[in-house]
Amino acid sequence: MSYLIVGGTAGIGNEIVRRLSSKGNKVFVTGRTQKNLDEINNVDFYEWNSEDENSQLPEISEPLSGIVYCPGTIILKPFKNLTDNDFLYEYTVNLLGAVRVIRKYLPNLKSSENSAIVLFSTVAVQMGMSFHSSIASAKGAIEGLTRSLAAEFAPSIRVNCIAPSLTDTALAGKLLGNEEKRDAAAKRHPLNKFGTVEDIASAAVYLLSSDSGWITGQIMSVDGGMSSVKTF
Ligand SMILES: NC(=O)c1ccc[n+]([C@@H]2O[C@H](COP(=O)([O-])OP(=O)(O)OC[C@H]3O[C@@H](n4cnc5c(N)ncnc54)[C@H](OP(=O)(O)O)[C@@H]3O)[C@@H](O)[C@H]2O)c1
């Protein structure tokens, strides 16, 4: 089977690429620069930047069994310091980029017998968190997109979304930059750890697979219990 992982050169996306490739799938991968793909089999890389309107998504002629849209941003500021451009930037990378990708490859998904789309939100949509208003707004839009498209594309294409809590990738680098921060971050989660790329990629691969064949329109919390559990 063939999959497209947008933002598959780092972080969670790269782990998804590794898992799909190890099962013998063909994987089309995009990123702003090529990296972390050398030792992975059956991968085609294409440069694409969701911030750049002139950047062209690759032409793919074959059916796609699944697409995962991974590019994300995180501007954490008090509301009074957030500019229109901050909101537009987060909306462009997180929401509009996903819209453009899905529009472009809808025919490829339709020509596959069972196909699936996986998008990314954040725990900060379900829980109100200080300084998260621009990213939570953009990811809230992703959750709305997920449910709308799940309805519109049923029964042929399933559409689901993962809402992670803090996960150890470059995107979260500033929040997990030293031992003190890592320790505090782990303790904030009921399961006493922050996320790893493996924790999140396993959920994404499940949502792409026929094992989740009766699941669509869901926002799956993969967050160490953060959004739903309080330990005393
Ligand atoms: N990490 C967390 O704590 C966390 C928490 C909640 C939600 N999430 C969400 O989970 C998803 C994956 O996050 P991650 O932590 O794996 O991110 P990451 O480590 O920053 O990886 C993002 C991937 O997307 C690509 N990318 C980034 N910006 C792009 C852009 N403007 N245009 C095209 N490609 C771009 C990157 O490749 P290049 O650098 O080569 O462009 C990379 O392959 C994101 O949607 C994020 O919002 C993450």
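Quick notes on this structure:
- Scan of the range 189-218 for residues that are more than 22 Å from residue 113 (Cα to Cα), crowded, with 18+ Cβ neighbours inside 10 Å and not aromatic (Phe, Trp, Tyr), ordered by number: 189, 195, 197, 199, 200, 201
- Only one of the numbered conditions (1) buried (at least 19 other Cβ atoms within 10 Å of the Cβ); (2) among the charged types (D, E, K, R); (3) assigned to a strand (DSSP E or B) is violated by residue 44, and that is (1).
- Members of the range 160-188 found to be within 12 Å of the ligand (Cβ to nearest atom) and either open to solvent by 50 Å² or more (accessible area, probe 1.4 Å) or over 20 Å from the mean Cα position of the chain (by Cα) (or both), listed by number: 168, 170, 171, 174, 175, 185
- Candidates in the range 92-104 are the residues that are open to solvent by 20 Å² or more (accessible area, probe 1.4 Å) and more than 12 Å from the ligand (Cβ to nearest atom); of these, the one that is nearest to residue 138 (Cα to Cα) is 99.
- Test: residue in the range 137-153 that is farther than 15 Å from residue 218 by Cβ, in contact with a helix residue (DSSP H, G or I) (Cβ under 9 Å, 6 or more places away or on another chain), open to solvent by 50 Å² or more (accessible area, probe 1.4 Å) and within 11 Å of the ligand (Cβ to nearest atom): no
- Evaluating residue 230 against the criteria (1) at pLDDT below 95; (2) of a type outside the set (Ser, Thr, Tyr); (3) crowded, with 20+ Cβ neighbours inside 10 Å leaves one unmet condition, (3).
- Scanning the range 60-81 for residues that are of a type outside the set (A, V, I, L, M) and closer than 21 Å to residue 95 by Cα, we see that the one that is surrounded by the fewest Cβ atoms within 10 Å (Cβ to Cβ) is 79.
- The range 114-124 - residue that is farther than 18 Å from residue 96 by Cα and touching a residue at least 24 places away in the same chain (Cβ under 8 Å) and, of those, surrounded by the fewest Cβ atoms within 10 Å (Cβ to Cβ): 114
- Count of residues meeting criterion [of a type in the set (Phe, Trp, Tyr) and closer than 14 Å to residue 145 by Cα] in the range 67-118: 2
- Residue that is nearest to the ligand (Cβ to nearest atom) [pool: residues in the range 105-136 that are under 15 Å from residue 154 (Cα atoms) and among the aliphatic types (A, V, I, L, M)]: 118
- In this structure, residue 116 qualifies as part of a strand (DSSP E or B) and more than 16 Å from residue 223 (Cβ to Cβ).
The values are calculated or read from the model by the stated rules, or taken from the named source; none is laboratory data. These numbers were taken from a predicted model, which means no experiment stands behind them. Every residue, glycine as well, gets a Cβ built from its backbone with ideal geometry; the counts of neighbours run over all protein chains shown. Surface areas here come from the heavy atoms of the whole protein model, side chains and all, with no ligands, DNA or RNA. Shrake-Rupley method; radii C 1.70, N 1.55, O 1.52, S 1.80 Å.
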